[in-house]
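Structure, as structure tokens:
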Amino acid sequence: MADRDEDGALLAQMLALADRLAQSEDALLKGQYAYLRARVAALIELQSFGEAV
């Protein structure tokens, strides 16, 4: 159970970082940052789905 808590905390930190990157003014990387944020959000969703089972 502690591993899931650590994973959840790490994913939350990654999402916060991805949110900050997505706010970047860099036009060349803006799409990549948005994609990164969506992928991290999907990982969080999958993790929460796994906890419900």
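The values are calculated or read from the model by the stated rules, or taken from the named source; none is laboratory data. Nothing here was measured: the structure is a model prediction, and the numbers come from that model. We place every Cβ from the backbone using ideal geometry, glycine too, and count neighbours over all the protein chains shown. Side chains are part of the model used for accessible areas, which takes the heavy atoms of the whole protein and leaves out ligands, DNA and RNA. Shrake-Rupley method; radii C 1.70, N 1.55, O 1.52, S 1.80 Å.
Things worth noting here:
- Residue check, Glu51 open to solvent by 90 Å² or more (accessible area, probe 1.4 Å) and in contact (Cβ under 8 Å) with a residue 24 or more places away in the chain: yes
- Flag for Ala9 being at pLDDT 95 or above and under 11 Å from the mean Cα position of the chain (by Cα): no
- Scan of region 29-38 for residues that are surrounded by fewer than 15 Cβ atoms within 10 Å (Cβ to Cβ) and assigned to a helix (DSSP H, G or I), ordered by number: Lys30, Gly31, Gln32, Ala34, Tyr35, Ala38
Per-residue answers, yes or no, for (1) in a helix (DSSP H, G or I); (2) of a type in the set (Val, Ile, Thr):
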site: Glu6; (1), (2): yes, no
site: Ala9; (1), (2): yes, no
site: Leu15; (1), (2): yes, no
site: Leu21; (1), (2): yes, no
site: Ala27; (1), (2): no, no
site: Val40; (1), (2): yes, yes
site: Ile44; (1), (2): yes, yes
site: Ser48; (1), (2): yes, no
